[in-house]
Structures are given as C-alpha cells and as structure tokens.
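Participant: Sharing a structure below in structure tokens format, with a few things to ask.
The values are calculated or read from the model by the stated rules, or taken from the named source; none is laboratory data. Bear in mind that the values here come from a model prediction, so they are computed numbers and not experimental data. For the accessible areas, the whole protein counts, side chains as well, though only heavy atoms, and no ligand, DNA or RNA atoms are used. Shrake-Rupley method; radii C 1.70, N 1.55, O 1.52, S 1.80 Å.
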Amino acid sequence: MKNFIKATSLVLILFLFLSSTPIFADDASEKCIKNDCAIPTSDVYKEGIYRFDITCTKCVATAKYLTPNTSGVIIVINADNTERLFKKCTVDNPDVEIGSLTKDDTVVIIGKGEFEILFTK
C-alpha cells in the first residue's frame, strides 16, 4: 500500500511538473513586435523644441513642409547632443526623411511654417 501511494504521488508530481507552462519576462523589443509599444501621434507641428514619448526601442519618422511662401528648418539632435540632421525646407522641396528616432532624441523646428511629421514603427 505504501508503494502505491508513493507511485501515485510521483505520477501526480510529474504530471503537474510537465503540464505547467513556463512564464518568461517580456523585453522592449518583443513588446514592439506585439504592437504594445507607443509611438507619438502623427500631426502638424509648429516652431518649437520637441522630445517625443517613444516607448519602442525606436520609430521611423518622415516630415513634410506645408506652409507656402516661407521656409522652415528641421533639426534632429541625438541623445549625445550631436546634430544628426539639419534641413531647410520650402514647398518646392518639402520632404524630409528624418529616419529612426528614440525617446532621447530632440527635434527642433525653426521658422513660421508648419511640418507634418509621420511616425511609424
């Protein structure tokens, strides 16, 4: 009878051990793959200094200058305070490929015009 209880207990323990599902911690890159991370809202931005709330490891941004008869400048400064992009735009030459942005990058818009910035993962 003792052997039967030991054997049954052993089978029960093995069954519970083999049927349990391991739980792994998520990292930021997996959250981006699952679309759980946030990127800024694509919108029209005026003159100012912007730091965007990006919870993904990075996102890709493109800009388009919208205001006729004026010019505007867009500057991107990296986390280590180096200038990565400086582009003067007009309606004749409106498109800017900003590239990948992180939460530590700063975007500066100078001029009376407006830029439409589109963010994608």
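Participant: Counting only residues that are outside any loop (DSSP other than H, G, I, E, B) and at pLDDT 90 or above, how many does region 46-70 have? Break it down into steps so the answer makes sense when it comes.
Facilitator: First pass over region 46-70, keeping only residues outside any loop (DSSP other than H, G, I, E, B): 48-50, 59-65.
Among the residues that remain, those that are also at pLDDT 90 or above are: 48-50, 60-65.
Qualifying residue count, region 46-70: 9.
Participant: Another question about this same structure. Does residue 43 meet the test of being modelled with pLDDT of 85 or more, of a type outside the set (Gly, Ala, Ser) and either open to solvent by less than 100 Å² (accessible area, probe 1.4 Å) or under 24 Å from residue 84 (Cα atoms) (or both)?
Facilitator: Yes; evaluated as a whole, the condition is true for this residue.
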